[in-house]
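The values are calculated or read from the model by the stated rules, or taken from the named source; none is laboratory data. Small disclaimer: the values here were computed from a predicted structure and weren't measured. Neighbour counts are summed over all protein chains in view; Cβ atoms, including those assigned to glycine, are modelled from backbone coordinates with ideal geometry. Surface accessibility is based on the protein's heavy atoms, side chains included, excluding ligands, DNA and RNA. Shrake-Rupley method; radii C 1.70, N 1.55, O 1.52, S 1.80 Å.
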2 protein chains.
Amino acid sequence: MITSAEKLALLRAALKQNSISAYIIPLSDPHLSENIPDHWKIIQWLTGFTGSAATVVITDSFAGLWTDSRYFIQAKKQLAGSGFELVVPKSFQPSDYTQWLSENIKTGDRIAFDGRSFSIAHLRKLEKRLENKNVSFENNRDLITEIWCDRPLMPAKMAWDHPAEFSGKGRDRKIAEVREQMKRQSVDLHLLTSAEDIMWMLNIRGNDLDYSPLLLSFALISEKQILLFTDYKKIPVPLASDLRKLNIVILPYEETTSALSTSTESSSILLTPSATSVTLYNSIPKSIRIIEDISIPARLKSIKNKTEIKNISDVMVKDGIALVKFFFWIENIIAQFPITEISLAHKILELRLQQKDFLGPSFETITAFNEHSALPHYVPSAESDSEIGENGILLIDSGGQYMGGTTDITRTISIGVPVSQQKKDFTLVLKGHIALAQAKFPMGTRGYQLDLLARKALWERGLNYGHGSGHGVGYCLNVHEGPQNISPADNKTIIEAGMLISNEPGIYREGEYGIRTENLIICFEDEETEFGQFLCFDTVSLCYIDRRLIDKSLLDYKEINWLNSYHSQVYEKLNPYLSEAEKVWLKDKTEPV
Amino acid sequence: MITSAEKLALLRAALKQNSISAYIIPLSDPHLSENIPDHWKIIQWLTGFTGSAATVVITDSFAGLWTDSRYFIQAKKQLAGSGFELVVPKSFQPSDYTQWLSENIKTGDRIAFDGRSFSIAHLRKLEKRLENKNVSFENNRDLITEIWCDRPLMPAKMAWDHPAEFSGKGRDRKIAEVREQMKRQSVDLHLLTSAEDIMWMLNIRGNDLDYSPLLLSFALISEKQILLFTDYKKIPVPLASDLRKLNIVILPYEETTSALSTSTESSSILLTPSATSVTLYNSIPKSIRIIEDISIPARLKSIKNKTEIKNISDVMVKDGIALVKFFFWIENIIAQFPITEISLAHKILELRLQQKDFLGPSFETITAFNEHSALPHYVPSAESDSEIGENGILLIDSGGQYMGGTTDITRTISIGVPVSQQKKDFTLVLKGHIALAQAKFPMGTRGYQLDLLARKALWERGLNYGHGSGHGVGYCLNVHEGPQNISPADNKTIIEAGMLISNEPGIYREGEYGIRTENLIICFEDEETEFGQFLCFDTVSLCYIDRRLIDKSLLDYKEINWLNSYHSQVYEKLNPYLSEAEKVWLKDKTEPV
């Protein structure tokens, strides 16, 4: 097998041959989504790094990888000996390879990348950063295909209909709503590049990716017609016929660029710069005015409808049953024979598979013991797989795709007897979790205004975590799905009633342990006063929180009330589906503190 | 005197004559600052509205004024009968005249404005909003000069040297620092359009505006030379000679545009789009690359140096003495003979004038009784001036310009016996104030992340306020001076050690009363942990907080500790400068709760 160092040497030879000073490889595909098919996992193939966010820059004397703080520890390990170095930013500033380029690139240098998987927003940012450098960009340089001999093909799995009992709204109505918004924004074309937008609008799902039920596709909406770019063989005949009735024309995936370039009769197009590749963007005729904004389906689908909310709460019961059975199993098995992190991941999948309408995990399960749990996105591998010992911290972050929703939940439990620092850390994280769960805020509030709620108890003691406090969650779609989130970043999206968001503060002590408590919350309307309409959250995930890790002296009475009332809800909703032994056990786990 | 309606008719005639569909009048001057000379107070002359933020749009059938929520009540009153209507946005979204234009302007319409007082950033926003409308813009249309017959001239007051004992750093060193940053950013020209930037860099001050000690000027910095555009007669001879030694060339204010347009030998210029007028921007030769960012002095001057911090704390003692004497005077006089809001404003100025190195008020004093205090920026006028009655809420927001710093402080006191809702409101505002004062946060935190601290106690009870929680404060410069602030808006500036910021939550009950408690806070370094460097604030303003308005049952022990310790500091620092009677009185006012 060819090593990373050898691949790097091949790439450097190609750089030299093509007079390229720097080659940029983003971790992305033509849809610019987080979850990408193996065909586009260039960075993993090249460097060995398996995290879900990264950028690589290669020059003749440098090969660096940037990622975010949740992956620092993991990247350091995976890159050892690869010839690639991890570039870590100073303090809590976001990491940025453009900064490195601006400091290291020479005036007149030539920078290349593959424009098919590079967003136009990203290119602009790069151009702006380097505007003083007089560099040239080569937008269409694919140096990978010819050296990646065993590159996986693009997926070719069948799509399927997502019925109205789950979606709550027919595809005809959704399309009408999108067109109505297009009219309001005075655009006659709308390019959808994110497969999840198309899935939502057309009430279809696919099997192209491991964790998101997506059919990889593009769509171009006009007043009368929708062009759907995908492999027509992936659409079952009855579904294709239904689509045809709505004047949805299926064209080959590869023809998106040429269809765009020939749509000269249109006058304006709405697209999302962060989700549109340089190649697609540049194929739009110059005569068309480009309107840039978040896509219309992205905004519409972030507000869950009543059917979806009802289904989500049913799904939470199923997911909660699997989780409770899982933790019951752990506590009973652990004294009897050794279990490892990987076997835990298998077990939780086995238990979710017993639930009706379960489709598969919504992301790679994190089962992390002690020092592994200090890596916020650790996933056990054959080499790293550890036995769960007699004492320590076990962090399980997992989720499922169900016909009626997507789940994502993290619990951190104590194995053996916790030490006082672990209890203190766990309780401070819990205080943040409860503060966000109990938030009440006026209409118009953005996620970044709420982020502090989840951190305050930690900050007061000089502690912090390097990831956001909450991400938007899709509905039988991506587990990370905006536009809303709750994080320090300046996301202008306001939090609205019907939005589903995670609530997941944490703390990570390198080499020791990590703690995270995550539930999903849905935004609801609270009271209206003379100061306007107020909103609040309802916690929908159902699983007990380990009381053995709570230092009650750090909680105030409101926090204790929240916890006890949450626990009583967990017991009430789940106990009808448990065995007698499990019931008794859960009753104990959910006793008031 | 010509009425607003008559002026509007004249403007509409001019619109018709020039085939203009809509004319936009911003409340700004060529420096795009908040504080502007009378010469540019077009909106006040035209509509009667005296607030500090507004935009007017005039068409043949519509005349509207937009402002922010703190002025809604005031604007409604002042616009009555003017022919101009106040446009109030829905919910807590910021008001936006561009939204109105996009909904009401017709395709092909012609929009005009005076580019001398319209920022390029603003024009871009407008163009973006109307990109679908195919409108044309006329950038250099001054319709005001010919109908405003008695328009005030531009100010012509002398500038003066701000000595190093106050500035803490010589102008030569400051200029060198700015040039060093220019080199780092690879720019060979830097255009300064904000007078406060020039004042800071050159250690000079002026008297051109009522509340900010500014010399209205522009500056163009190159590697070897600085062009200072102002009236040379306003620079005292010794100061001019000092400036000349540093190769600072004084040119007429009006020549900024032509000097810019002829600087063809330069290759790049740094400027701030939000502070650069369309006229100036368009005068830059096309051959020069324009780099857009916040100005270098704006960033440097926001971090106060050690001398400045020392001087600020001395100034706070002076300001505190004036305030305590003022409130002592109120309590003693009120029973004896009637006082009005305006007489209070006079009294506080009289007491500040007794302090050494006091230059004048830093903004128009707000003295507001009962329903007037519900207007966050109410300033008493001859018509509105009210007598302070026997019972109610009195809000005083005032500040001073001193050689060693700028102050801004609000106290709300009870006259007579407060009702329980007043006490509850006051205490909830105080909880927010204390939470922000006690904030501890990691390096890299932005102001919008902290804003919630000041609001949480209010939000929990369905209450809120429509302004930011804190603004940056200049040093013997503007009382509102960024780039930092603490507000819900997405300001990317991080809060750094040395920054001076206000802490001013409030609550306003229309027709009843308003409450605000404001101190200035300086950011300092707190502990460094394995999670990074943490920062905190130190409260520097010194004046008691009215205990009669506190409902102690709503405070927790940490809040009570903060208040008692703040009060003991107020007493310790101020009592040496008070009369015996004042001492006894302040001792009582600062007793522990």
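So which residues in segment B:399-429 are touching a Ser or Thr at 6+ places or on another chain (Cβ under 6 Å) and assigned to a helix (DSSP H, G or I)? If the condition is that a residue be touching a Ser or Thr at 6+ places or on another chain (Cβ under 6 Å) and assigned to a helix (DSSP H, G or I), then B:429 is the only one that fits.
Annotation: residue A:419 fulfils all but one of (1) more than 14 Å from chain B (Cβ to nearest Cβ); (2) of a type in the set (A, V, I, L, M, F, W, C); (3) touching a residue at least 24 places away in the same chain (Cβ under 8 Å); the unmet one is (3).
Quick one: is residue B:346 open to solvent by 10 Å² or more (accessible area, probe 1.4 Å) and without any contact (Cβ under 8 Å) to a residue 60 or more places away in the chain? Answer is yes for this residue. Do we have residue B:475 as part of a strand (DSSP E or B), touching a strand residue (DSSP E or B) at 6+ places or on another chain (Cβ under 7 Å), surrounded by 24 or more Cβ atoms within 10 Å (Cβ to Cβ) and hydroxyl-bearing (Ser, Thr, Tyr) here? In short, no. The sole residue among A:368, A:382, A:345, A:439 that is on the phi < 0 side of the Ramachandran plot and within 14 Å of another protein chain (Cβ to nearest Cβ) is A:439.
Table: residues versus (1) over 27 Å from the mean Cα position of the chain (by Cα); (2) without any contact (Cβ under 8 Å) to a residue 24 or more places away in the chain; (3) closer than 30 Å to residue A:535 by Cβ.
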site	(1), (2), (3)
B:6	yes, yes, no
B:29	no, no, no
B:45	no, no, no
B:66	no, no, yes
B:70	no, no, yes
B:73	no, no, yes
B:88	no, yes, yes
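If you go through segment A:462-477 and pick out every residue that is within 11 Å of another protein chain (Cβ to nearest Cβ) and farther than 18 Å from residue B:444 by Cβ, you end up with 0. Each residue in segment A:445-457 was checked for being facing another protein chain (nearest Cβ under 8 Å), aliphatic (A, V, I, L, M) and open to solvent by less than 10 Å² (accessible area, probe 1.4 Å), and 2 pass. Annotation: of all residues in segment B:487-508 being open to solvent by less than 10 Å² (accessible area, probe 1.4 Å) and farther than 14 Å from residue B:455 by Cα, the one that is nearest to the other protein chains (Cβ to nearest Cβ) is B:495.
Would you confirm whether or not segment B:120-143 contains a residue that is among the small types (Gly, Ala, Ser), part of a strand (DSSP E or B), under 25 Å from the mean Cα position of the chain (by Cα) and closer than 20 Å to residue B:32 by Cα? No, because not a single residue in segment B:120-143 is among the small types (Gly, Ala, Ser), part of a strand (DSSP E or B), under 25 Å from the mean Cα position of the chain (by Cα) and closer than 20 Å to residue B:32 by Cα.
Residues in segment B:294-333 that are of a type in the set (Asp, Glu) and closer than 17 Å to residue B:200 by Cβ: B:308 alone. Determine, yes or no, whether residue A:157 is closer than 30 Å to residue B:535 by Cβ, within 25 Å of the chain's Cα centre (by Cα) and surrounded by fewer than 17 Cβ atoms within 10 Å (Cβ to Cβ). When the stated conditions are applied, residue A:157 does not pass them. Against the list (1) open to solvent by less than 20 Å² (accessible area, probe 1.4 Å); (2) in contact with a Gly (Cβ under 8 Å, 6 or more places away or on another chain); (3) of a type in the set (Ser, Thr, Tyr), the condition residue A:539 fails is (2). Of all residues in segment A:171-196, those satisfying the criterion of being part of a helix (DSSP H, G or I), open to solvent by less than 20 Å² (accessible area, probe 1.4 Å) and either at pLDDT below 95 or out of contact with any Pro (no Cβ under 9 Å at 6 or more places or on another chain) (or both) are A:175, A:182, A:195. A search for C-beta distances below 6 Å between a residue of segment A:168-193 that is within 11 Å of another protein chain (Cβ to nearest Cβ) and any residue that is part of a helix (DSSP H, G or I), counting only pairs 6+ apart in sequence or on different chains, returns nothing.
Are any of the residues in segment B:160-170 open to solvent by 40 Å² or more (accessible area, probe 1.4 Å), over 24 Å from residue B:271 (Cα atoms), modelled with pLDDT under 95 and not hydroxyl-bearing (Ser, Thr, Tyr)? Yes, some residue in segment B:160-170 is open to solvent by 40 Å² or more (accessible area, probe 1.4 Å), over 24 Å from residue B:271 (Cα atoms), modelled with pLDDT under 95 and not hydroxyl-bearing (Ser, Thr, Tyr).
Can you tell me which residue in segment A:123-138 is modelled with the lowest pLDDT, limited to those that are open to solvent by less than 40 Å² (accessible area, probe 1.4 Å) and more than 9 Å from every other protein chain (Cβ to nearest Cβ)? In this case the residue turns out to be A:130. Checked against (1) farther than 29 Å from residue A:450 by Cα; (2) part of a loop (DSSP other than H, G, I, E, B), residue B:395 meets all criteria but (2). All of (1) assigned to a loop (DSSP other than H, G, I, E, B); (2) among the hydroxyl-bearing types (Ser, Thr, Tyr); (3) farther than 25 Å from residue B:545 by Cα hold for residue B:465 with one exception: (3).
Residue A:352 falls short on exactly one of the conditions (1) more than 14 Å from chain B (Cβ to nearest Cβ); (2) assigned to a loop (DSSP other than H, G, I, E, B); (3) buried (at least 22 other Cβ atoms within 10 Å of the Cβ), and that condition is (2). Can you find, within segment B:205-240, the residue that is surrounded by the fewest Cβ atoms within 10 Å (Cβ to Cβ) among those that are among the aromatic types (Phe, Trp, Tyr) and within 16 Å of residue B:253 (Cα to Cα)? Top of the filtered list is B:232.
Residues that are within 11 Å of chain A (Cβ to nearest Cβ) and without any contact (Cβ under 8 Å) to a residue 12 or more places away in the chain: does segment B:551-565 have at least one?
Yes.
Hey, can you tell me all the residues within segment A:10-27 that are of a type outside the set (S, T, N, Q) and touching a residue at least 40 places away in the same chain (Cβ under 8 Å)?
A:10, A:11, A:12, A:14, A:15, A:16, A:20, A:22, A:23, A:24, A:25, A:26
For residue A:432, state whether it is assigned to a helix (DSSP H, G or I), away from chain B (no Cβ under 11 Å), crowded, with 24+ Cβ neighbours inside 10 Å and on the phi < 0 side of the Ramachandran plot. Criteria met by residue A:432. With respect to residue B:480, determine if the residue is within 14 Å of chain A (Cβ to nearest Cβ), within 13 Å of the chain's Cα centre (by Cα), farther than 27 Å from residue A:466 by Cα and of a type outside the set (A, V, I, L, M, F, W, C). For residue B:480, the condition - within 14 Å of chain A (Cβ to nearest Cβ), within 13 Å of the chain's Cα centre (by Cα), farther than 27 Å from residue A:466 by Cα and of a type outside the set (A, V, I, L, M, F, W, C) - is not met. Selection within segment B:509-528: residues that are modelled with pLDDT of 95 or more and within 9 Å of another protein chain (Cβ to nearest Cβ). The member of this set that is least open to solvent (accessible area, probe 1.4 Å) is B:509.
Can you list the strands (runs of 3 or more DSSP E) lying wholly within segment B:1-112 that have 2 or more residues being basic (Lys, Arg), within 28 Å of residue B:272 (Cβ to Cβ) and touching a helix residue (DSSP H, G or I) at 6+ places or on another chain (Cβ under 8 Å)? I'd like the intermediate steps shown before the answer.
Details: elements: B:22-26, B:55-58, B:63-66, B:110-112.
So the answer is none; nothing clears 2.
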